[in-house]
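Values quoted throughout were computed directly from the atomic coordinates according to the rules given, and no laboratory measurement underlies them. Predicted, not measured: the structure shown is a model, and the values here were computed from it. Cβ sites come from the backbone with ideal geometry, for glycine too, and all protein chains shown count toward neighbours.
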Amino acid sequence: MVKTSKTLGTVQAAAGTSAASAASSAAASAEVGRSEFFAAEQGDSILFHPCANGPVGVTILGATGSIGLSTCEVIRHNPDRFYVHGLAAGRNAEQLFALMREFRPERVALSDSGAAVTLKAMVDGVAGEEGKALRSIEILVGEEGVCALAGDGAAGMVIGAIVGAAGLKPLLAAIKTGARICLANKEALVMSGQLFFNEVKKSGAQILPVDSEHSAIFQCLPRDLQQNLGFCDLSGAGVSKILLTGSGGPFRDTALSDLAAVTVAMAVNHPVWSMGPKISVDSATMMNKALEYIEARYLFNAGPDQVDIVIHPQSVIHSMVSYRDGAVLAQLGAPDMKTPIAVAMGFTERINSGVAPLDFTQVGTLTFKKPDPERYPCLFLGIEASQQGQACTTALNAANEEAVAAFLQERLSFLGISQVVDAVLNQISGRSAHSLAEILAVDAEARNLARAAIARLGR
């Protein structure tokens, strides 16, 4: 018989193969992907290392975004350790095509069907041996295709870098394979919280943070906590406080009266980091720090009184951990995402990221201050939502995504972002969400409420 999947360019064939043997083949493929790591016991925990016998297969979800492209750069610096198994993107067919030509993955996926058609045409236009090689790469389409790639089990490592709620289902699919998950998508964890880590525990997957702040915290923690993310005991390890740093964005010194006139071009012009438009706007409102606060609470199993936020404009200290004995450990480095990506991909070893070490003679003054609730209402809405439960954090993320999209399309003012989020949270408060179906239902409801608020408040 012939099995077909929703793909372009290739058809999966299994002539005379039973469903049972097909399942066996998939399991074998997953085992190959995972066997590229070897495990070394340390107490009750398992440490995963890149295997000395060959490179590890990597699937990059969100391959054409800033994190995805930085991951590709880390792989270029470590060809003996990693190879690309799969690449997934939204609609950037041109960039994905360039990555296909360079890395020759086994499979790629585009969530946008029109972009997939464009990609197929680009592949078909390549002649000779290169064209033949490119046409052997399977092209999957839509959310189902992205999830199929994420969950195929043929990669020992999955980079979760799809921006926003769209990254949740692919990440859950990847977790079920038991792979190492290098997590850059904070929204997925904000949305699913304990459900996320319950799936991790069930599958034996390993979660390592890629966000620069959470990577910094991770690096400042003892090994037993690093190996038990989602369930670690901070107090038992002598941790008194996690200090989450943030630059304060481009408007930390802007007069409050001028914030009403903020334009899209102003908001995406981050003073330190190079990021995509959505994340840049989140940095300007400090919603990114609200989402990171929630992510930190889930990743490190922290109570609300165990995480503080500190504005650090220079972005040299990426976060700190304060211990019971008065010691504070900090992770410092240049503001370059390749460092936390390399930390996650290479753990427990240090690998080449391509980032130059910090030159302390050039650092200058480091300053810190508390965030102002009047300047950053989104930050404090997020902190409050984290204390109200999963439904509120899911709604927070959904409302913010809709509001930021409207702002980027110039349908909503900069100050309108926090107003939309506040309006949605006021209507969702008191709800509960535990299962994936309940979480997705709250997400959909919050988006509808946000769109209605945007229509009322919009330009």
Q) Would you pick out the residues in the stretch 140-154 that are within 13 Å of residue 117 (Cα to Cα) and buried (at least 22 other Cβ atoms within 10 Å of the Cβ)? A) 140, 141
Q: State all residues of the stretch 51-80 that are in contact with a Leu (Cβ under 6 Å, 6 or more places away or on another chain) and in a strand (DSSP E or B); if no residue qualifies, say none.
A: 60
Q | residue 208 vs. criteria of a type in the set (A, V, I, L, M) and assigned to a strand (DSSP E or B) | A | yes
**Q.** Matching residues in the stretch 229-260 - criterion: being crowded, with 17+ Cβ neighbours inside 10 Å and either of a type in the set (Asp, Glu) or within 18 Å of residue 297 (Cα to Cα) (or both)
**A.** 229, 230, 232, 234, 239, 241, 242, 243, 244, 245, 246
Q: Count, please, the residues in the stretch 124-158 that happen to be in contact with a Phe, Trp or Tyr (Cβ under 9 Å, 6 or more places away or on another chain) and closer than 17 Å to residue 174 by Cβ.
A: 2
Q) Can you find a residue in the stretch 407-419 that is surrounded by 16 or more Cβ atoms within 10 Å (Cβ to Cβ), touching a Cys at 6+ places or on another chain (Cβ under 9 Å), part of a helix (DSSP H, G or I) and among the small types (Gly, Ala, Ser)? A) yes
